[in-house]
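Please read the structure below before turning to the comments.
The values are calculated or read from the model by the stated rules, or taken from the named source; none is laboratory data. As the structure is a computational prediction, the values presented were derived from the model and not from experiment. Glycine gets a Cβ as well: all are built from the backbone with ideal geometry, and neighbour counts include every protein chain shown. Accessible surface is based on the protein model in full, side chains and every heavy atom, while ligands, DNA and RNA are left aside. Shrake-Rupley method; radii C 1.70, N 1.55, O 1.52, S 1.80 Å.
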Amino acid sequence: MICGFMGAMGIAAVTKKRGGYTNTKNHGTLSSVGLITACIGMYIIYRNKDIHGRPHFTSNHAWMGIATMVCAFMPAMFGVVFLHPDFGQDKMNKSYRFAHKWCSRTAIIGAYVTGFLGLTKMTQDPLVLASYALPLMILAPFTLI
């Protein structure tokens with residue numbers, strides 16, 4: 001899930017900022033790949049818990065993950081239907097674009113927080129936590145603003 005959200009979706013956000021038709025198409029493709037990768041990751045995690053007989057959705061990390069997946073799915077579907085540069089139903093609507101942008105940003109921030117919560121369940125070592133969080137804090141302004 002980290003690869004999907006922090007890798008592909010983060011790159012997609014930066015690609016969109018460059019503007020233009022090709023970058024917009026690449027933004028959609030990278031975002032879709034990120035969402036699919038995150039869905040595959042979620043399936044693998046769910047299946048692994050089934051195999052080992054562990055309960056599902058028992059932590060803040062799990063519930064944040066669900067919320068982040070929902071928050072990522074909504075702008076993806078919305079973008080395909082309404083904002084696609086070739087066949088979007090209302091691609092020039094500023095309100096739709098604003099909602100799409102901020103829901104996507106919320107999903108990326110949610111992924112950052114969810115990943116950090118998951119790591120805190122595995123270790124309390126400040127060096128490990130800092131080595132995970134510091135790059136995200138450095139890259140967040142470039143990705144989200």
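Just a few scattered comments:
- Residues in the range 113-130 that are of a type outside the set (A, V, I, L, M) and within 20 Å of the chain's Cα centre (by Cα) were compared, and the one that is farthest from Leu35 (Cα to Cα) is Thr120.
- Test: residue in the range 26-39 that is in a helix (DSSP H, G or I), open to solvent by 80 Å² or more (accessible area, probe 1.4 Å) and farther than 16 Å from Pro75 by Cα: no
- In the range 60-105, the residues that are in contact with a His (Cβ under 8 Å, 6 or more places away or on another chain) and either outside any helix (DSSP H, G or I) or small (Gly, Ala, Ser) (or both): Ala62, Gly79, Lys91
- Here Thr58 meets each of (1) at pLDDT below 95; (2) hydroxyl-bearing (Ser, Thr, Tyr); (3) under 18 Å from the mean Cα position of the chain (by Cα) with one exception, condition (3).
- Of the candidates Thr15, Thr68, Thr58, Thr22, the single residue that is closer than 15 Å to Gly110 by Cα and among the hydroxyl-bearing types (Ser, Thr, Tyr) is Thr68.
- Just one of the listed residues (Leu117, Leu134, Leu127) is touching a His at 6+ places or on another chain (Cβ under 7 Å), aliphatic (A, V, I, L, M) and open to solvent by 30 Å² or more (accessible area, probe 1.4 Å), and it is Leu117.
- Restricting Ala76, Ala72, Ala67 to residues that are touching a residue at least 60 places away in the same chain (Cβ under 8 Å) and closer than 22 Å to Gly4 by Cβ narrows the list to Ala72.
- The one condition from (1) of a type in the set (S, T, N, Q); (2) more than 16 Å from Cys39 (Cβ to Cβ); (3) open to solvent by less than 80 Å² (accessible area, probe 1.4 Å) that Thr58 does not meet is (3).
- Hey, Met6 aliphatic (A, V, I, L, M) and open to solvent by less than 50 Å² (accessible area, probe 1.4 Å) or not: yes
- Single match in Gly79, Gly4 (criterion: touching a Gly at 6+ places or on another chain (Cβ under 8 Å) and under 21 Å from Gly118 (Cα atoms)): Gly4
- Every residue from the range 83-112 that is open to solvent by less than 60 Å² (accessible area, probe 1.4 Å), free of Cβ contacts under 8 Å to residues at least 40 places away in the same chain and over 15 Å from the mean Cα position of the chain (by Cα): Leu83, Gly88, Asp90, Asn93, Ala99
- Only one of the numbered conditions (1) closer than 22 Å to Gly118 by Cα; (2) of a type in the set (A, V, I, L, M); (3) open to solvent by 50 Å² or more (accessible area, probe 1.4 Å); (4) touching a residue at least 60 places away in the same chain (Cβ under 8 Å) is violated by Val14, and that is (1).
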